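**Q** Just passing along the structure, written as structure tokens.
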Amino acid sequence: MSGSAFNRRTFVKGAGAGAAALVVGVPAFIPRLGEAADALKIGVLEPYTGTYAFPGENETIGIQMAVDAWNKKGGVLGRQIEIIKEDEQSKPDVAAQKARKLVNQDKCVALIGTVSSGSSLSVQKASSDMGILFFASGGHTDDVTGKNCTWNTFRTCHSTWMEAHATAYTLAKKFGKRFYFITPDYAYGHALQTAFDDVIKQIGGTTAGTDLTPLGTTDFSSYLTKVTPAKPDVLVVLVQGDDYTNCMKQADSFGLLKKFPVGGPQVELEPLYGLAPEARTGVWGIEWSYSSDTCLGKGNKAAHQFVSDYYAHYLNTQKKPPTARQCFGYVSMDRMLAGMAAAKTTDSVKVARAIEGEKFQSIFADGGYYRKEDHQLMWPMWVAEIRPNGTPKDPNDLFNVVAKHDPDSIEQSVAEKAKICKMTYPS
Amino acid sequence: MLEHVGPQLFNGLVLGAFYAIVAIGLSLIMNLTGTINMAHGSFMTLAGYLAFTMIARGTNFWFAFLVAPLLAVLVAIIVERTLIRPLYGRDPVYSLLLTFGLSLIAEEVFHLVWGANTLPFTPPAVLSGTLALGFMNFPVYRLFIVLVLVLAFAALALFLYYTRFGLRLRAAVQDSEMIAALGTNTQMLYTINFGLGILLAGIAGVLAVGLLGLNMTTGNTLLMPAFVTVIIGGMGSLYGSLVAGVLIGIATSLMTLYVPAASEVIMYILMAVVLTIRPRGLFGEEGLFG
């Protein structure tokens, strides 16, 4: 008999190694007592299950990349940074409950994350109740930096107002002023629709039809059959995530994509990768692109470094290039840590004061700043035409960036925002 | 408004046929063994993923379309024999909890194997494009779905009513102890019946991913309407599921014309109304599940 894999000899060896370790000291990979307590803990709330699992994963990668970069430089305030992740499942109630858990139980000094607007708003509420800094990396609805704005919350991705204003003029100029809308029936969709109505009023356009589709609609056929008789100049698709994939897939099967130009205020690489090339088409607002100098900034070393770091560490597991979600995660975490470094403390009020209004350069063109009055990140937004099959060199490179809009030209002015967002710091 | 009604009726018919086939699979399993299979959607998703993987590796669409549901059935038979069988004869809550747990596990397994990303699944060129029906242009793929579903219904009906096995199955639904006493291997009957239900789910799953994005939750999004279909149609009645499926499909489609916000809710309203007036469902047998 050859004996089992674990025989007397290996046992003796193992015990010997263990004894040696005890004599020499704890191996380096096991943190010593006290070291873990020294690490600066930041709570990450992202959806890792359900519809938004993919963008949630991608934002986390961006967050991790910023943490790694700061830790390599020696951390913040002389402490290494550690993130603690929780799955918020894109459910506002779960998100709020996990936010409290991260702060009360895990002793996180700040929170970051969320993809869906509902979760952003609920974490915003919970974190401001606790007086804890929160970076809403990925929920777009205006309210986060609008009527629900709070001193502790900074929002990185663009607001719905910015998205609609960056694309509506381009669509009207390119295709005509008669719009047909497929709008998701919840906060995010309503906010987009309001912003589009604002543009339509300004340019003297018309609405050929609006369909409010419940979130999670799987069958869009009933809506899509109404589009042809309405004869719009352009079909504007506002739904996101799985709803976007289903809607575009079905619009293609009804032959609409060949009949009408299509576009919208926001498209992301994640759902586009879920579509066959024939359903990838149109003119859309985009929030970042890993391949375009118009987005990254010509000669912007930080941005190109970010993309090549990503390729070096994550391409094997993710199989896809970085998306706007990695950018949101990275920028949010990087600015949070920069704020702590500048304020020389983790005290939320002082850090928030250090962040607001502070101009910075990052992994996108021109640089940006979190506006003092509403804590919205003011950064450019871009418009892209979709390349169904990417480029000959890179089949994943779907965005052909055709325009860049400066933040001031697409976001409500400080004066307009002052009427909506009333921000008060704790005294 | 009125000119839209025709197309919407047609849309509703297709959607309804879809709900019906998922519901019939659920019904088959529920009728014979009292198992409320919450993992039904996971088997749909599994068949979709298997078909996707086969096609991505160069298999012909038609081959994948036939084989993927059968592979899902194979997995289902293993699950039935090892996990679900010990719970027969217990309260239905046990198998409900078990299959619910399985569906959660399945979702994470899909996540691990195929990633969180939605995958692009395209039907072959013959099935893409539209067909002019006079009152509207209708996607060929949806017509194909109707064709497949009609064939599946017909085959199932023939199987249940014109084969000895179908006869035993129907008899076992009435009184499985008596059938066992008369010398039928009821354990085998249960297994094959479970497989049959999952075969329908598998077919529906592969058809669904030509219509919807393929990700870990695809099947589960269609599961709720299917359960509602079973309840409206009445437990124990396959025809009931068919009628209820079409009813829900048409109601949902018409609702999008008038009150889109209520389009997802209308089936629950229908369910509430049916349950109030006729608690056993439209064609249901009285006394099933106490």
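The values are calculated or read from the model by the stated rules, or taken from the named source; none is laboratory data. These numbers come from a predicted model, not from an experiment. As a convention, Cβ positions derive from the backbone with ideal geometry for all residues, glycine included, and neighbour counts pool all protein chains shown. These area figures cover heavy atoms from the full protein model, side chains too; ligands, DNA and RNA do not enter into them. Shrake-Rupley method; radii C 1.70, N 1.55, O 1.52, S 1.80 Å.
**Q** Given the options B:G219, B:G245, B:G115, which has the most mean-square fluctuation in a GNM of chain B, springs set between C-alpha atoms less than 10 angstrom apart?
**A** Among B:G219, B:G245, B:G115, the largest GNM mean-square fluctuation belongs to B:G115.
**Q** Starting from the 7 Å offset along Cα-to-Cβ, what nm value, one decimal, do you get for the label separation of A:Q202 and B:A155?
**A** Placing both labels 7 Å along Cα→Cβ, they lie 5.8 nm apart.
**Q** Pop out a list of residues from the stretch B:3-23 that are at least 20 Å² less accessible with all the protein chains around than in their chain alone; 1.4 Å probe, no ligands or nucleic acids counted.
**A** The answer is B:H4, B:Q8, B:N11, B:L15 - residues whose exposure falls by at least 20 Å² when every protein chain is included.
**Q** Give me the percent relative contact order of the stretch B:164-265, please, defined on Cα pairs under 8 angstrom at least 6 residues apart.
**A** 11 percent
**Q** Give me the extension gain from A:A312 to A:D129: residue separation times 0.36 nm, minus the current Cα-Cα distance, reported in nm with one decimal. Write down the numbers at each step before the final one.
**A** Working: separation 183, 0.36 × 183 = 65.88 nm, distance 4.02 nm.
Full-extension gain reported as 61.9 nm.
**Q** In addition: Starting from the Kirkwood radius over alpha-carbon pairs of the stretch B:27-125, derive D by Stokes-Einstein at 4 °C in a medium of 1.567 mPa s and give it in µm² s⁻¹. Intermediate values should be presented prior to the final figure.
**A** Numbers: Rh = 14.7 Å.
So the translational diffusion coefficient is about 88 µm²/s.
**Q** For a distance above 29 Å, tell me the whole-number percent of Cα pairs in chain B that qualify. Please report the intermediate quantities before stating the final value.
**A** Working: 14290 of 41905 pairs.
The calculated P(r) of chain B puts 34 percent of pairs beyond 29 Å.
**Q** What does the accessible area of B:R278 come to, in Å² to the nearest 10, when a probe of 1.4 Å is used?
**A** 90 Å²
**Q** Something else: Sorting A:H158, B:H4, A:H313 by accessible area (1.4 Å probe), largest first, what list results?
**A** My answer, sorted largest first, is A:H313, B:H4, A:H158.
**Q** Turning to a different aspect of this structure: So which helices of chain B fit the span-like rule, where a helix is a whole DSSP H run, its Cα atoms reach 20 Å or more along the axis, and its mean Kyte-Doolittle is at least 0.5?
**A** The qualifying helices are B:5-33, B:40-56, B:61-79, B:92-114, B:140-162, B:186-209, B:218-233, B:238-258.
**Q** Write down the accessible area per residue of chain B in Å², having rolled a 1.4 Å probe over the full set of protein chains.
**A** Per-residue accessible area for chain B comes out at 43 Å².
**Q** Taking chain A as the reference, fit the longest principal axis to its C-alpha atoms, fit the long axis of helix A:8-24 to the helix C-alpha atoms, and give the angle between the two in degrees, 0 to 90, nearest 10.
**A** Value to nearest ten degrees: 90.
**Q** As an exercise, find the ratio Rg/Rh for the stretch A:223-290 from alpha-carbon atoms, using the Kirkwood inverse-distance average for Rh.
**A** Rg divided by Rh gives 0.94.
**Q** Sticking to Cα atoms, compute the Rg of the stretch B:88-213 to one decimal and its Dmax as the biggest Cα-Cα distance, whole number, in Å.
**A** Using the Cα atoms of the stretch B:88-213, the pair Rg, Dmax is 19.8, 58 Å.
**Q** Here's another thing I want to ask about it. How much length would be gained if the chain were fully extended between B:M224 and B:V93, taking 0.36 nm per residue of separation minus their Cα-Cα distance, in nm to one decimal?
**A** That pair, B:M224 and B:V93, stretches by 45.4 nm at full extension.
**Q** Average the reciprocal distances over every distinct pair of alpha-carbons in the protein assembly as shown, invert the result, and give the Kirkwood radius in Å.
**A** Values: mean 1/r = 0.0361 Å⁻¹.
For the protein assembly as shown, inverting the mean 1/r across all distinct Cα pairs yields 27.7 Å.
**Q** Would you tell me the accessible area of A:Y290, worked out with a 1.4 angstrom probe on the heavy atoms of the protein chains, in Å² to the nearest 10?
**A** About 20 Å², ignoring ligands and nucleic acids.
**Q** Going by alpha carbons, how many degrees (0 to 90, nearest 10) lie between the helix axis of A:324-343 and the longest principal axis of chain A?
**A** Value to nearest ten degrees: 60.
**Q** May I pose another question? Build a GNM of chain A with springs between Cα atoms under 10 Å: which of A:Q326, A:Q305, A:Q80 gets the top mean-square fluctuation?
**A** In the Gaussian network model the winner is A:Q305.
**Q** OK, next. Using the eigenvalues of the Cα gyration tensor, what equivalent ellipsoid semi-axes result for the stretch A:134-255 when each is taken as the square root of five times the eigenvalue, whole Å, largest first?
**A** Semi-axes, largest first: 26, 18, 11 Å.
**Q** Which lysines have a Cα lying under 16 Å from the Cα of A:K249, excluding residues fewer than 8 positions away in the same chain?
**A** Reachable lysines: A:K258, A:K259.
**Q** Only Cα pairs within less than 10 Å get springs; with that Gaussian network setup on chain B, which residue of B:A208, B:A72, B:A171 has the largest fluctuation?
**A** Looking only at B:A208, B:A72, B:A171, the largest GNM fluctuation is found for B:A171.
**Q** Which entries of A:K91/A:K147; A:K91/A:K301; A:K177/A:K298 show an alpha-carbon separation above 32 angstrom in the structure shown?
**A** A:K91/A:K301; A:K177/A:K298
**Q** Summing -39500 (n - 2.57) over the DSSP H runs of n ≥ 4 in chain B and dividing by its residue number, what mean residue ellipticity at 222 nm do you reach, to the nearest 500 deg cm²/dmol?
**A** -23500 deg cm²/dmol
**Q** Same structure again: Calculated from DSSP H runs of 4 or more alone, at -39500 (n - 2.57) each and per residue, what is the 222 nm mean residue ellipticity of chain A, nearest 500?
**A** -13500 deg cm²/dmol
**Q** Also, quick follow-up: For the Cα atoms of chain A, what angle does the longest principal axis make with the long axis of helix A:187-203, in degrees from 0 to 90, nearest 10?
**A** 40 degrees
**Q** Could you sort A:D68, A:D38 by their accessible area in this structure, using a 1.4 Å probe and putting the largest first?
**A** Result of the area sort, largest leading: A:D38, A:D68.
**Q** Express in Å², to the nearest 10, the accessible area of A:T294 obtained by rolling a 1.4 Å probe over the protein heavy atoms while all chains stay in place.
**A** For A:T294, solvent-accessible area is about 60 Å².
**Q** OK, next. Show A:T317, A:T114 ordered by accessible area, largest first, where the area counts protein heavy atoms only and the probe is 1.4 Å.
**A** Ranked from most to least accessible, the order is A:T317, A:T114.
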